[in-house]
Amino acid sequence: MDAEALLSAVFPTCQPLRVSSAARASCIFLFRGSAVRGSRKAEWGSENSVPTAPEGVARSTPVFVQPADICVSPQLQPEQLDCGAAHLQHPLAIVNPVTATPIFTHSGLTAVAVASVNNYTVVFLGTASGGLLKAMSGLFSLQINLDSTMKVISRRSILVAYGEPVHPIMQFDPSDSTYLYLMTSYQMTRVKVAACSQYSTCTECLAAADAYCGWCTMETRCSLQHECTNFTGANFWASVSEGVQQCPSMTILEPEINIDKENPALIIQINGTIPNLNGTNISCDYGNNIHTVARVAGDYVNQFIYCSLLPHKKYPAFPDDQDHVVVETSLRVNNKNIIRANFTIYDCKRIGHIYPKRACTSCLSARWKCHWCPSTYSCVSNHSQCEDALRVEQKKIDCPQIVPAPLEPMPTGVSRNIMISLANATFSKETALECHFGTDGTFEARWVNSSAVECVHVLLHTSEKSHRFPVNLQLKDKPDRFIDSPEVMTVEVYNCATGSADCSQCLGREDLGHRCLWSESSSSCRLQTEPPQVSEVCPPPEIRKAEASCCCPSPLALLPPASSIHRVVCQTGEAPEAFSDVVTVNVSREGRSRERYSYVLPVVQSIAPQNGPKAGGTRVTIRGSRLDVGSELRVLINSSKQCTDLSRTDSTITCTMPAVALTTAVPVCVQFENKSCASHNITFKYEKNPVISDINPKKSQISGGRIITLEGRGFGLVQNVSMAVRGIGREHTVGVLARRGPGMQQGCVPAARSCAAGAQPQDGLERSWCGALTCSHSCFQRCKVHTDTAITCPSPAASNLTVGSKPAPVDFYLNGRLYSDERSALDEEMYSEEASHISKFSLGYYADPQFSTAKKEKWIKHHPGEPLTLVIHKEPDSLGLESNEYQVKIGLISCEIQIVSDKVIHCSINESLSSSERQLPVTIQVGKFNYTIAMLHLGGGETAIIVSIVICSILLVLSVVALFVFCTKSRRAERYWQKTLLQMEEMESQIREEIRKGFAELQTDMTDLTKELNRSQGIPFLEYKHFVTRTFFPKCSSLYEECYILPSQQLSSQVGSQVQETHPLLVGEWKIPENCRPNMEEGISLFSTLLNNKHFLIVFVHALEQQKDFAVRDRCNLASLLTIALHGKLEYYTSIMKDLLVDLIDASASKNPKLMLRRTESVVEKMLTNWMSICMYSYLRETVGEPFFLLICAIKQQINKGSIDAITGKARYTLNEEWLLRENIEAKPRNLNVSFQGCGMDSLSVRAMDTDTLSQVKEKILEAFCKNVPYSQWPRVEDVDLEWFATSTDSYILRDLDDTSVVEDGRKKLNTLAHYKIPEGASLAMSLTDKKDTTLSRVKDLDTEKYFHLVLPTDESVEHKKSHRQSHRKKVLPEIYLTRLLSTKGTLQKFLDDLFKAILSIRDDKPPVAVKYFFDFLEEQAEKRGITDPDTLHIWKTNSLPLRFWVNILKNPQFVFDIDKTDHIDACLSVIAQAFIDACSLSDLQLGKDSPTNKLLYAKEIPEYRKIVQRYYKQIHDMPPLSEQEMNAHLAEESRKYRNEFNTNVAMAEIYKYAKRYRSQIVAALDANPTTKRTQLQHKFEQVIALMEDNIYESCSEA
């Protein structure tokens, strides 16, 4: 389009104003901006002139209708005429209109919006199709694409809503112009301007001519331009304007490849829109995971790809009947196939096997370059394989071949010689040939001359009338090698005794060359051995039956005989009048029939019914006489359409009326034998189609059977009605149309019984000629027509719906035709290819109603003869059932329903219940839902009454005796009952209060914690060497006397002085006596050299692992010691680990590969754990450290906000159910002013709880003062005293236990702030003490039999000792406190999400190097072993990284930070680690009410976490592979950074202890290995033993 602005407008065509706007056709015009401005100037003159009430102002279509249909022009002020239409109540117009030609016409256009996209104009039109006579009209949004000439090149329709026109205001989304906002009277819709994803190929995408859509080449999908990666680059995105010819494709320059060709390669030419491929990762993909390397050649305009062909052993198999196979190859760019093409691999040697009877001619005429080799009589692909090969250029006639010639038929069982002529025969007469006659065997062939062969003594047999045998010649010394026979030559063998039942059939075979003779004596046909003396003549023909007894007069024509000679078919001629006579057949002699043939005249009298809907489907019956005459019958409607599904008898013709467009009376013509109409003045009137306005009710139970009433008009024309509910059946079903009648049945039958053979069922619901209806996942119900305005249908049962799902669409079929609202013919004509049926009605399915007796009992006792009243309880539902829809029965007797409410049904039986059975079922039925709610038990007769009287008398006497006892105890019971009620009310009040508090905590704790958490404090990371020792040696090993050596705090004057953690493996002096040092250093040096020998180390590890007493603990220690010893050569360490892993994978693959790496049971598994720890340390500090530390701080701060029992360790706030304090302990916060000369601060305000013990208060004070100091430098709680200054003169030392401690039930309660009654804002001082308090050990280690803090033990022995007053103290159900777990979880959720995101995200699109490298290693090993199960690879990756490294870190934060991991934090981290494990697992969580809470707590988040894990694995997989050089450079850098951190001599010495223990086994293993034996490593190992076992060393060891 040019740059000039265009105005798009929608106008209705000129119609009287009384016609609805929706019924008019509308047009869209494009006005050029210059034309609009020019017309305005022509009307008003210059812009400065003020017009004086011009006559033609505001001539516009009014928004109302005047009585006389006159447009009234409003009076406007001059200042309103200048661009003021936006502020007026009426649109403006001009006297001289601007004219334009409409570019598009459609009915009922209401809105327009225009966009310019890629040199195209896209027009969006809102419409409201339909007229006033329709109940509803369809609403569509139309999209029109225009080119630069304003020509419509494509259009699309989108269904937006139903029944409401689009509002004129239609706007593009200002933030995203690819979406359009539309409004109707009831809704606003945001519609995407294009659905490009529906096109799967480039041709479909560009051929759709949608200006918004284009082909994204590198992503092989149809998309919007901005959705394509690198769309700004050249040739990354192909638009519609470039045409389908620019779709990316490739051409293989040599598409035909000989299978015998050595080292073939493909040369591929790139065509169409493809960016420059230089620098990309490209390969050729042959499917089945077969890839070959490819390279780019040529310039950017003409790109060529050179690609290696797939290996010969991976060629696809040839089809049995083909000499070639077509292979598809795809060009793979950056791990994605973008274009594909086919090439052919051919094998000339297969031609002879596929075409054995014409091998030579097929070889030379093949598409391939094949050659025929006469010496081997085979087809070869290279002429060098045969010296006398016939070239391809030679003609087919050069091949030796049989010259076809007709052969005389020969009788069965008679020997005969057969002559065969040859052409181009190059054989010598010494060449032995055989005659081959199919499966009947072979016969000798004798050379007659150089071009003729005679088959000698050929004897063939057949039991058929005649049979043709193929005649072939084959080489006698080369079976299955035949001389070519391009045209099959056959010989006919006949049997006179078969197929000739009478004389005429026998003698008639003479015309076929069969020498047969009829024998009157035996009444059989036999072979004629001698020429007949006299010509034989058969008797005249006998007509036994004439199948047609009557016919209409018609012209005579003789038809050819049918398949049997017993039958003669002819067409009768026309007769002047009705008569009858015999039938005469003249076949050389004349034969006459016994029965007579009659000419009659059929009479048509009437048709019923005489009217029906114009949609067709009415089944009519035409009555008359002699209507079954003739062989051809047609019933024409209005001389053009035929009445279908014809069936007739002598007096009736029944057929189905077709559909017509208009309501009118049409003539009905009955034609016999294509003659003129036999009916006169018979008409059928087409009426307006029936209209269904509504259905009620719109809900049904799943069992179905609810009566649905159809409301509307015109139902008197309906003969049969079917209701189909879509999407509720398990499989395809077939429903037969329901005829109009009294019954209502379900019409679903299995699909296999739908139609007879030859019928073709269609999707949806269409009548096939077998009279059945087919449907897809629908169920049909027969309906009943009651009146002209009412139809009832029972709802079908639903089999695959879930309760509360979306309502199912409902269709109705009137007279076998799908009912739908009528739309304009224009809509159907323009959009017939896009139109899809949308159900106007829907039916919601809900669960079946639930019933029970009043007391939910299953047995009801009743005495016969007495009236019975049943009270049935009904569970609430959404069905809205009426009282007449219930039916209650007791046995076979109906129970009269009297009262029906939402919850209760009352019914009664006044008659006497009598039955031979003593038990009757009580059933309630709603539609097809039938449920037995109880069994009614009928009591005995007079005997039962007498027994009852006797029992009642005895009871009466006993009652009088018991009355006194009852009266005395009633008062006591009343008092106890009142007391129980009070306790229940109190418990209910406590539960309500606890739930309210839990809800408030969940809403406020998250905000409070985020505000209070101090992010400014530094993160106390451990140094690398301490991280390594804690990770490698988490528990104290038997090899050492010490694990972590933390010297005692020197608290005299320097609080917070740095105290270094020491470990035997950290850098320091190797503590050995000086007199032992030379030998040991030399021995360790030689041993180090051996460990740096790859073959020695692998044999060494395997030898140790094979020892039964080499426990898992020893294996882990050995792996960690090897890691320390080889830390300076991580590249070598990695190669050793990989070799050991390969051995482990081989062992696991033969058993269950999914179990590999699940546990740490071998040396290499611990080595992998250590390797991951080393490689992931930097990533842990830089990325994961901060969110992990914040989570730990958040857990600690949240736990401290509530009460914590110092003895049991249970807390109010936790994630672990086992550590949950299940008591309602009232705790109030106390803000204390504390002074302490330590950790760099003087005084602070510390927040504590009044239920805290004094040790807990000291811990909170130390945490507040030392929050910026590593935990290893904190003073211990036992080393400080806490003093409270109650007044200026009085002060108290606060302790957990003293003389003021309270004793309850024989246990001493720990002192708390509430015990000392310390008020808010109290002043306290904490100081270091030289005298350690030894009266109290660690609080949590105290004996629970002597001490308690918040709650007493709940064992039975203690309960019995409680006083009566104490036993009834306030209690509440302990399970109610489980909501505190959710409160804590909600508070910590953000910190947990941040941690998981940091672990499972890729920073800067680059994962940790070790992760990518190791994952690629696992995938490579799986591919080598043919392991294709993705679950196995997922489990390997999970076991190697998340479970082996991250779970260990999550459970042990003290490995990373210098902090105190309390029992509370450990319990919470265990739950979080379990959630992380579940997120990485593939097994589905089978959770229920009995599942542990640590599984249930994060059950909702686990699916989302799993998606994150899978996305993380996929991102790592999709990244470019890491080379060995890059990985080795990274490992070398890691070794260099921490080069002098560890004492490798100590590690070597500890490894040597294992070598010494298993010396003989190691020597045997080294001697058994060929490589180590050849290099004499066992002798070097013996040298190490000799040096280390010297007497000096022995004395050193003793020292």
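Quick look at the numbers
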quantity	calculated
Derived scalar couplings ³J(HN,Hα) [segment 490-495; Karplus, 6.51 cos²θ - 1.76 cosθ + 1.60; whole Hz; x for Gly, Pro]	10, 10, 8, 10, 10, 10
Overall Cα dimensions of segment 1101-1240 - principal axes, largest extent first, Å	64, 39, 28
Distant-in-sequence amide H partners of Ala452 (H built 1.01 Å from N, under 5 Å)	Leu422
Reach of Lys979 by Cα under 18 Å, taken over lysines that are not fewer than 8 positions away in the same chain	Lys969, Lys1370, Lys1371
Amide proton proximity set for Ile860, modelled H, under 5 Å, gap of 5+	Met935, Leu936, His937
Scaled radius of gyration (Cα, divided by 2.2 N^0.38 Å) that segment 1427-1492 gives	1.36
Placed amide H near Lys1308: partners under 5 Å, 5+ positions off or other chain	Tyr1347, Phe1348
Segment 781-800 versus segment 1495-1572: alpha-carbon centroid distance in Å	72
Prolate/oblate/rounded label for segment 1530-1595 (Cα gyration tensor, a/c 1.5)	oblate
Share of pairwise Cα separations in segment 312-372, more than 17 Å, in percent	50
Along each principal axis, Cα extent of segment 230-304, largest first, Å	46, 27, 24
Hull volume in cubic angstrom per residue (convex hull over the Cα atoms of segment 571-708)	191
For peptides 427-434, 715-722, 1319-1326, sequence by mean Cβ density within 10 Å, most packed first	715-722, 1319-1326, 427-434
In Hz, Karplus ³J(HN,Hα) per residue of segment 671-687 (6.51, -1.76, 1.60; θ = phi - 60°; x = Gly, Pro)	10, 10, 6, 6, 8, 5, 5, 8, 10, 10, 6, 9, 10, 10, 9, 8, 9
Gap separating the Cα centres of segment 587-644 and segment 837-868, nearest whole Å	56
Counted charge near Gly705, where neighbours are those whose Cβ lies closer than 11 Å (Asp, Glu -1; Lys, Arg +1)	0
Length-normalised contact order for segment 1219-1327 - Cα pairs under 8 Å, 6+ apart - percent	34
Most to least packed among 1474-1481, 349-356 [average Cβ atoms within 10 Å]	1474-1481, 349-356
Derived scalar couplings ³J(HN,Hα) [segment 413-430; Karplus, 6.51 cos²θ - 1.76 cosθ + 1.60; whole Hz; x for Gly, Pro]	x, 10, 6, 7, 8, 10, 8, 10, 8, 10, 10, 6, 6, 9, 7, 7, 5, 7
Neighbour net charge for Tyr1413 - beta-carbon separation under 13 angstrom, K R +1, D E -1	-3
Global form of segment 1253-1315, assessed from the alpha-carbon gyration tensor, a/c cut-off 1.5	oblate
Mean Cβ count within 10 Å, highest first, over the residues of peptides 1434-1445, 1536-1547	1434-1445, 1536-1547
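Every read-out reported here was derived from the displayed coordinates using simple, explicitly stated rules and does not represent laboratory data. Only a predicted model underlies this, so the values are computations on that prediction, with no experimental measurement involved. Neighbour counts are summed over all protein chains in view; Cβ atoms, including those assigned to glycine, are modelled from backbone coordinates with ideal geometry.
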